[in-house]
There are 2 protein chains.
Amino acid sequence: MAKAPVLTPQADDFPRWYQDLINKAELADNGPVRGTMVIRPYGYALWERMQQEMDARIKKAGAQNAYFPMFIPQSYLTREAEHVEGFAPELAVVTHGGGKELDEPVVVRPTSETIINEYFSKWVQSHRDLPLLINQWANVVRWELRPRVFLRTTEFLWQEGHTAHATYEDARAYASHIHTEVYGDFMTNVLGIDVVLGRKTAKERFAGAINTLTLESMMGDGKALQMGTSHELGQNFAKAFNTQYLSNGSEREYVWQTSWGTSTRMVGGLIMSHGDDNGLRVPPRLAATQVVVLAIKGDDAVIAKVREIGAALEAAGVRVVVDDRTDTPFGRRAVDWELKGVPVRIEVGPRDLESGTAMLARRIPGGKEPVSVDALAALVPGILEEDQALLLRQSRERRESRTVEVKNIEEAAEAAATGWGRISWAELGPEGERKLAEQGVSVRCIVAEDGSVPDADDQPGNVAIVARAY
Amino acid sequence: MAKAPVLTPQADDFPRWYQDLINKAELADNGPVRGTMVIRPYGYALWERMQQEMDARIKKAGAQNAYFPMFIPQSYLTREAEHVEGFAPELAVVTHGGGKELDEPVVVRPTSETIINEYFSKWVQSHRDLPLLINQWANVVRWELRPRVFLRTTEFLWQEGHTAHATYEDARAYASHIHTEVYGDFMTNVLGIDVVLGRKTAKERFAGAINTLTLESMMGDGKALQMGTSHELGQNFAKAFNTQYLSNGSEREYVWQTSWGTSTRMVGGLIMSHGDDNGLRVPPRLAATQVVVLAIKGDDAVIAKVREIGAALEAAGVRVVVDDRTDTPFGRRAVDWELKGVPVRIEVGPRDLESGTAMLARRIPGGKEPVSVDALAALVPGILEEDQALLLRQSRERRESRTVEVKNIEEAAEAAATGWGRISWAELGPEGERKLAEQGVSVRCIVAEDGSVPDADDQPGNVAIVARAY
């Protein structure tokens, strides 16, 4: 008789598989207020590692961290017309504080362009104050009608970058630098997730932006997930908040701005990119725990051996956990580490001691084989790099094999049933985009003929990538 | 003619000096909503370094980070009677979300005992699930009537630990471990701030705790600042939220709990402990920038030299910034680094190149002398350790010299005008505490005769430390 599966198989019901995995791997719970989530320690450790890797890249790009209040006077939101229209339906409003009704209600930030511009307009005086490059790690709130844990939650955690520049060109170049060198590099080389870099159509742009750059990835079910965006804001917020600088020639000029963000939604993307019917698979460069060394039995010599192996791997620069909780059956622990997607398991029982070997199980390609204990410290780092590359390759192959070239709206909608469609943007256009939207299919981004990010929507040869999306 | 002081002198007006320093060193601005603050990059870098150092200690104490929603159903707060009484006057309430009035208003967390217990009651089943050790880095809101930046703000950033244990003794030992090994160690050895560890009186306890341990420090004006607290919660929240476990003997038992927190208030404590009339002095172990290497003039050879010195110091493990912004006058930059309290400045001008020397200015003891450039990498790490120790010594000496032994309420109130008073707790008692409170003087903590943390208020020889406090 076959074992009952730990999770609903992906092929049976992908959304249910996703929810099962999140529960059983103890990544998150639903919160008590609709659409909120509790991020449990193992899920939070994924986010913490994302933060570390991203933060290093953001600092390398010259931005400094700061913190702005989450309570924003309602009047700020209304100053930029498109912005308020985009966010008004999603706002949470505080009407009472300290036991009294407030004179002016305050909103909980859905994003911080407005409050940050209020301060930029004070801090920026001269061209010497530019570029001003700020990043914030924070929680934000957008009231969600159809919440889904990690992907779309009422409160989520994110980083939001906000910058001000002297020229259009400088702002544009910085938005692009974040898009490729910070977000693209992190997602590709740490998350091991294939992302397509492109620009959003006017319809899909951020409320208040003149251009939105995006990173789109194909999930295990063929749907698209927007993994991050970087916006050129032009002078829209600068004009609304009077953010001006004195140029070299002593003219008062409005600054040019960017904003860019990535969130805990990436945890959802990680699960749906790399997860399989046995659970999560965490890319080694991201994993807080790259290797777990398990004692099969509570034998003193076995316990001593797993600790020794753990120490040797740690000395080799591997992030390792020793699991010697032998009052819990070994089988249950092994399944749990498999669910949690730790890349390598090393299992040691009494019989292994004599032979000087241990069983090495690889979560990412799968498979298990005995290896010499003495060889482990030399062997494991190479395995981890191999597995990192494998995840990216699998992610890329999925996108390539499930993307089809299409000629018209009917074919595009059909392609989106199982994957992505690529269609000439000149052919599709805003009108075709609107028709596809009626069928739940959206233009994820526009890319140039050669796969690069186009400078404008109407560049000849531009291709629209269409898909159903989370 | 004497130079106009950069800041209001401490001796003239300490609160104004504090506010001046925060503005001029660009640490923070007031936010638009009453009592909120904008933490600027240099202020945030202090907090970030605090987070790093604290987080490492918290993890070493076995706790794992997680994240709980900031929106808490109002009904949760009311379940623990003392807790709701303590926090009700300070709550911010969200009544509208997504354009509609909510069925049940939600409060923005003032602290997370209630929502965390809701989940602990699900996660804890067996004695094997204990101890459960959780920490959260988050923003919290307490509506403040008399806000002061960093010290008492409507929204602030903090870490809050929440743990559940099988026994009273285990919970008690953990609260004490956090108090001494995490908080005490961090404040003493990283912040360089002298702290007195003691227990709070019943009057000053956290709302819902059975015992509150505290760390109190004397600021530059002789007033006390509570730098952090660690609470034993007994079974109060466990009973309110039905958090039970199945013991070894298969009985259902309520867990015993702790909670503990430190916040951005520590940044205020840092300023008021170490700041002087020239600005902040940042302890080297905390400083994100330990050394700044300044080019006095924009000469190519000078620029090359400051970069070379910067690289050599970085290679010696020093956190260094090279300031070659020679389009800003040297004097202005030097004053700015002084204000910001970077421990060591190394100044290089054209004449220094010939002599192979540089001017080394020490912010913490003060003073300036020429040193050989070749000696810098060997010299600077030792200077930084010396300065770290000096700050702690100065902080301790201030507390010792401004604390007096007193015999009665009159003397206690007098002592609190300029520093701290120590009075027998058996003598003072809750009645005397009440009378002192009428004069704005509080019992900061109770310590044992030998200076240790007493196990109970009525232990013979217990001493109350009384002071005015922030």
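The values are calculated or read from the model by the stated rules, or taken from the named source; none is laboratory data. Here the structure is a predicted model, which means the values were calculated and not measured. Neighbour counts run over all protein chains shown; Cβ positions are idealised from the backbone, glycine included.
So, B:PRO105, is that one within 11 Å of chain A (Cβ to nearest Cβ), at pLDDT below 95 and farther than 30 Å from B:LEU286 by Cβ or not?
yes
Can you tell me which residues in segment A:112-131 are acidic (Asp, Glu) and facing another protein chain (nearest Cβ under 9 Å)?
Of everything in segment A:112-131, just one residue is acidic (Asp, Glu) and facing another protein chain (nearest Cβ under 9 Å), namely A:GLU118.
Which residue out of B:GLY421, B:GLY440 is outside the structural domain of B:ARG205 (by TED's automatic domain parsing), loosely packed, with under 13 Cβ neighbours inside 10 Å, outside any helix (DSSP H, G or I) and within 24 Å of the chain's Cα centre (by Cα)?
B:GLY440
I need the strands (runs of 3 or more DSSP E) fully contained in segment A:354-418, keeping only those with at least 3 residues that are in contact with a Cys (Cβ under 7 Å, 6 or more places away or on another chain), over 30 Å from A:LYS305 (Cβ atoms) and in contact (Cβ under 8 Å) with a residue 24 or more places away in the chain.
Hits in segment A:354-418: none.
Test A:GLY86 against the criterion of being touching a helix residue (DSSP H, G or I) at 6+ places or on another chain (Cβ under 8 Å) and either buried (at least 16 other Cβ atoms within 10 Å of the Cβ) or more than 7 Å from chain B (Cβ to nearest Cβ) (or both), and give yes or no.
Taking the combined requirement at face value, the residue does not satisfy it.
Kindly indicate the residue of segment A:165-183 that is aliphatic (A, V, I, L, M) and crowded, with 18+ Cβ neighbours inside 10 Å and also farthest from A:VAL195 (Cα to Cα) among those meeting that condition.
Among them, the one singled out is A:ALA166.
Output the number of residues of segment A:322-351 satisfying the condition of being surrounded by 16 or more Cβ atoms within 10 Å (Cβ to Cβ) and in contact with a helix residue (DSSP H, G or I) (Cβ under 8 Å, 6 or more places away or on another chain).
14
Could we say that B:ILE72 is under 25 Å from A:THR36 (Cα atoms), in contact with a His (Cβ under 6 Å, 6 or more places away or on another chain) and surrounded by 23 or more Cβ atoms within 10 Å (Cβ to Cβ) here?
It is false that B:ILE72 is under 25 Å from A:THR36 (Cα atoms), in contact with a His (Cβ under 6 Å, 6 or more places away or on another chain) and surrounded by 23 or more Cβ atoms within 10 Å (Cβ to Cβ).
Any idea which of (1) under 29 Å from A:PHE330 (Cβ atoms); (2) in contact with a Lys or Arg (Cβ under 7 Å, 6 or more places away or on another chain) is the one A:ALA358 doesn't satisfy?
Looking at each condition in turn, A:ALA358 falls short on (2).
Given the residues B:ALA238, B:ALA209, which is the only one that is more than 17 Å from the chain's Cα centre (by Cα), assigned to a loop (DSSP other than H, G, I, E, B) and at pLDDT 95 or above?
B:ALA209
Yes or no: segment A:15-27 includes at least one residue that is on the phi < 0 side of the Ramachandran plot, free of Cβ contacts under 8 Å to residues at least 12 places away in the same chain, basic (Lys, Arg) and away from chain B (no Cβ under 13 Å).
Yes; the residues of segment A:15-27 include at least one that is on the phi < 0 side of the Ramachandran plot, free of Cβ contacts under 8 Å to residues at least 12 places away in the same chain, basic (Lys, Arg) and away from chain B (no Cβ under 13 Å).
Could you check segment A:455-470 and list, in sequence order, the residues that are out of contact with any helix residue (DSSP H, G or I) (no Cβ under 9 Å at 6 or more places or on another chain) and crowded, with 19+ Cβ neighbours inside 10 Å?
The answer is A:ILE465, and nothing else.
I'd like to verify a number: residues in segment B:64-83 that are more than 8 Å from chain A (Cβ to nearest Cβ) and at pLDDT 95 or above, how many?
Result for segment B:64-83: 0.
Considering only segment B:88-145, state which residues are farther than 27 Å from B:GLN51 by Cβ and among the charged types (D, E, K, R).
B:LYS100, B:GLU101, B:ASP103, B:GLU104, B:LYS122, B:ARG128, B:ASP129
Mind checking which residues of segment B:384-410 are closer than 25 Å to B:ALA202 by Cβ and exposed (fewer than 15 other Cβ atoms within 10 Å of the Cβ)?
Within segment B:384-410, B:GLU405, B:LYS407, B:ASN408, B:GLU410 qualify.
Any chance segment A:51-63 includes a residue that's in contact with a Ser or Thr (Cβ under 9 Å, 6 or more places away or on another chain), over 14 Å from A:GLY268 (Cα atoms) and among the basic types (Lys, Arg)?
No, segment A:51-63 has no match at all.
Does B:ARG345 qualify as being assigned to a helix (DSSP H, G or I), basic (Lys, Arg) and in the same structural domain as B:ARG319 (by TED's automatic domain parsing)?
Answer is no for this residue.
I'd like the full set of residues that are within 14 Å of chain B (Cβ to nearest Cβ), under 18 Å from A:ARG363 (Cα atoms) and part of a loop (DSSP other than H, G, I, E, B), limited to segment A:303-337.
If the condition is that a residue be within 14 Å of chain B (Cβ to nearest Cβ), under 18 Å from A:ARG363 (Cα atoms) and part of a loop (DSSP other than H, G, I, E, B), then A:ARG319 is the only one that fits.
Any residue at all in segment A:14-32 that is more than 28 Å from A:GLY222 (Cβ to Cβ) and among the aliphatic types (A, V, I, L, M)?
No, because not a single residue in segment A:14-32 is more than 28 Å from A:GLY222 (Cβ to Cβ) and among the aliphatic types (A, V, I, L, M).
Can you name the residue in segment A:132-182 that is in a strand (DSSP E or B), of a type in the set (A, V, I, L, M) and more than 9 Å from chain B (Cβ to nearest Cβ) and, of all such residues, is nearest to A:GLN257 (Cα to Cα)?
A:ALA164
Would a scan of segment A:52-63 turn up a residue that is buried (at least 21 other Cβ atoms within 10 Å of the Cβ), at pLDDT 95 or above and either closer than 20 Å to B:ASN65 by Cβ or within 18 Å of the chain's Cα centre (by Cα) (or both)?
yes
Residue-wise test of (1) surrounded by 19 or more Cβ atoms within 10 Å (Cβ to Cβ); (2) within 18 Å of the chain's Cα centre (by Cα); (3) closer than 30 Å to A:PHE14 by Cα; (4) modelled with pLDDT of 95 or more.
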| site | (1), (2), (3), (4) |
| --- | --- |
| A:THR214 | yes, yes, yes, yes |
| A:GLY228 | yes, yes, yes, yes |
| A:GLY234 | yes, no, no, yes |
| A:ASN242 | no, no, no, yes |
| A:SER259 | yes, yes, no, yes |
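Mind listing whichever residues of segment B:38-58 are of a type outside the set (Asp, Glu), in contact (Cβ under 8 Å) with a residue 40 or more places away in the chain and more than 7 Å from every other protein chain (Cβ to nearest Cβ)?
Within segment B:38-58, B:TYR42, B:GLY43, B:ALA45, B:LEU46, B:TRP47, B:ARG49, B:MET50, B:GLN51, B:MET54, B:ARG57, B:ILE58 qualify.
Identify all residues within segment A:91-123 that are in contact (Cβ under 8 Å) with a residue 24 or more places away in the chain, touching a helix residue (DSSP H, G or I) at 6+ places or on another chain (Cβ under 9 Å), surrounded by 21 or more Cβ atoms within 10 Å (Cβ to Cβ) and not in a helix (DSSP H, G or I); write none if there are none.
Those that are in contact (Cβ under 8 Å) with a residue 24 or more places away in the chain, touching a helix residue (DSSP H, G or I) at 6+ places or on another chain (Cβ under 9 Å), surrounded by 21 or more Cβ atoms within 10 Å (Cβ to Cβ) and not in a helix (DSSP H, G or I): A:LEU91, A:VAL106, A:VAL107, A:ARG109, A:PRO110, A:THR111.
For the subset of segment B:263-291 comprising residues that are within 21 Å of B:ASP29 (Cα to Cα) and of a type in the set (S, T, N, Q), which member is surrounded by the most Cβ atoms within 10 Å (Cβ to Cβ)?
Restricting to residues being within 21 Å of B:ASP29 (Cα to Cα) and of a type in the set (S, T, N, Q), the top hit is B:SER273.
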